[in-house]
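Here the structure is laid out as structure tokens; the discussion comes afterwards.
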Amino acid sequence: MFKMLHEAEVPVLIFSAGLGNTIEEILVKFGVFYSNLEIISNYIEFNERDGSLIGYRDLLVHPLNKNETVLPNENKYFMDVSH
């Protein structure tokens, strides 16, 4: 399905309260992380030196705030589909 959407140039949004790092790695593993795909999720930041968890990248997404309040102001996905 992701391949067909990519070929048809259909923008795809994955909006998840899960771990974006995991979602992204699964999509990469299966070869379906295409340029038309946007992930809005919780990304963990790791210490480059020892790999330990140091925090989250942006605002946390959870079931009670899965709306525009957690979106960056200049979100590429919404700019692409705004027309």
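Listed values, structure above:
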{"item": "Residue list for region 29-38, filter: at pLDDT 90 or above, in contact with a strand residue (DSSP E or B) (Cβ under 7 Å, 6 or more places away or on another chain) and either assigned to a strand (DSSP E or B) or surrounded by fewer than 16 Cβ atoms within 10 Å (Cβ to Cβ) (or both)", "result": "Leu37"}
{"item": "Within region 43-74, tally of residues that are at pLDDT below 90 and surrounded by 14 or more Cβ atoms within 10 Å (Cβ to Cβ)", "result": "5"}
{"item": "Qualifying residue in region 40-59 (condition: part of a helix (DSSP H, G or I), under 12 Å from the mean Cα position of the chain (by Cα) and not β-branched (Val, Ile, Thr))", "result": "no"}
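The values are calculated or read from the model by the stated rules, or taken from the named source; none is laboratory data. Values in this document were obtained by computation on a predicted structure and should not be read as measured data. In this analysis, Cβ positions are derived from the backbone assuming ideal geometry, glycine residues included, and neighbour counts consider all displayed protein chains.
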